[in-house]
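Q: First, the structure itself, so that you have it in front of you.
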Amino acid sequence: MSLRTRWTRLLLLFSSLVCLAESGGRGFTGTEINGSVEVSSHVSAILKSPVTTVFLPVVYIIVFVVGLPINALAIWVFLFRTKKRHPSSIYMANLALADLLFVIWLPIKIEYHFNGNNWIYGEGLCKVLVAFFYGNMYCSISFITCISLQRYWAVIDPLSQKQRRNCLAVFVSVTIWVVVWFLTIPLYLYDQAVQVSNLQIQTCHDTTKPSQKKTAAGFFLTMGIVGFVVPTVVCVISSSLTLRGLRNSMEDPSIGKKRQKAVVLIITVLVMFLVCFTPSNIMLLVHYILLLKGAENNMYGFYITTLCLASLNCCVDPFIYYFISEDFRNHVKNTFLCRSERTVERMRISFSALKFSKKNNTYTSDTPNTRSSEC
């Protein structure tokens, strides 16, 4: 299938989603009355349905239980166990940090959904929760894109010294954090906690006041394009070029097997990236375009469900980027066995010496003048 055919199908799918979204009730807002919002019966059904009060919190519980320890472990290994740091490991550590900051706020979101989508912690904490939720999701997307670019650079120009400079990776990482968190400022400028008068609950981010929908739509359309569409295009192009570069060196039997593993890894990363982030961000763009236009929209339930799919990426990232590494697995094993770095280094030297002596059919003891040979 050609690249043009794939893009054509993607555009047709996007168009069909828009057409489907225009066949329902009102957008996920309502009628504003004295600072509160009265929502439609369709919106009320979504806010009270098992999808939002049972399914979503259960998924978030799984993400929290799995994502918290493995991302914390990844950061621990990077900070205290990894001596030789390179740009890819710096990006991966920042990715683990973004995932960890995403996960640690999930207990409040879980309680909110179990409580019938009724927010009881005030406007300020709701704004912080929403900012961390989306900010760290787009940080994760950005760092995955950086890792893809770094791999492309390493394959296309492996002798370049620039692609090995840690200072550049640190500068790019700091820039991503600053830019993404700067872009989340609008989330603090309009109400996230909205009183729903006909349900007697206060939602957090699930309902938008009609008077503030332009601010909300402008922010999320900007983040959807800058934070998802642009990185996705970069990630797809860099991954495709990397695969092409690896394919050209497959004929060399000495590195062919390693190249095949690299190809499988790149394809896996790209597929997981698209599966986790594409549905939610496409639905985000569709939802807020329709909300801004005042068009009919019955797809918000599907949109918030796809956000759960995006959150699963926090559990997948460490396994893809860390646990496939033999060095990382060894660091984890040594951490659980309470082996210090000095002990690990002594074991490594002893193993290397034993391996060398076997290779040369000799054994050298600690005593300088003692040496024995095998028959």
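Read the figures in this text as sums done on the coordinates, not as results from a lab. This structure is a prediction, so every number in the text was calculated from the model and none was measured. Cβ: placed from backbone, ideal geometry, glycine included. Neighbour counts: every protein chain shown.
Q: Under the rule of at least 5 residues apart or a separate chain, name every residue whose amide H is placed under 5 Å from the amide H of residue 196.
A: The answer is 37, 201, 202, 203.
Q: Taking the beta-carbon count within 10 Å as an exposure proxy, list 207, 145, 82, 175 from fewest neighbours to most.
A: Ordered from fewest to most neighbouring Cβ atoms within 10 Å, 207, 145, 82, 175 come out as 175, 82, 145, 207.
Q: Considering the alpha-carbon set of region 85-148 alone, what are its Rg and its Dmax in angstrom?
A: 14.5, 46
Q: Quick one: putting +1 on the C-beta of Lys and Arg, -1 on the C-beta of Asp and Glu, what dipole do you get for region 26-321 around its Cα centre, in Debye to the nearest 20?
A: 1200
Q: Quick one: Cα centre-to-centre distance for region 34-54 and region 168-210, in angstrom?
A: Measuring centre to centre over Cα atoms gives 20 Å.
Q: A further question follows. Counting other beta carbons within 10 Å of each Cβ, put 52, 203 in order, fewest first.
A: By the 10 Å Cβ count, ascending: 52, 203.
Q: Among the listed pairs 127/214; 83/333; 84/333; 109/214, which are separated by more than 22 Å between their Cα atoms?
A: 109/214
Q: Here's something else I'd like to know. Would you order 89, 311, 197 from fewest to most other beta-carbon atoms within 10 Å of each residue's own beta-carbon?
A: Listed from fewest to most nearby Cβ atoms, that is 197, 89, 311.
Q: Once you treat every alpha carbon in region 26-321 as an equal point and sum by Debye, what is log10 I(q)/I(0) at q = 0.11, 0.13, 0.16 Å⁻¹?
A: -0.69, -0.91, -1.27
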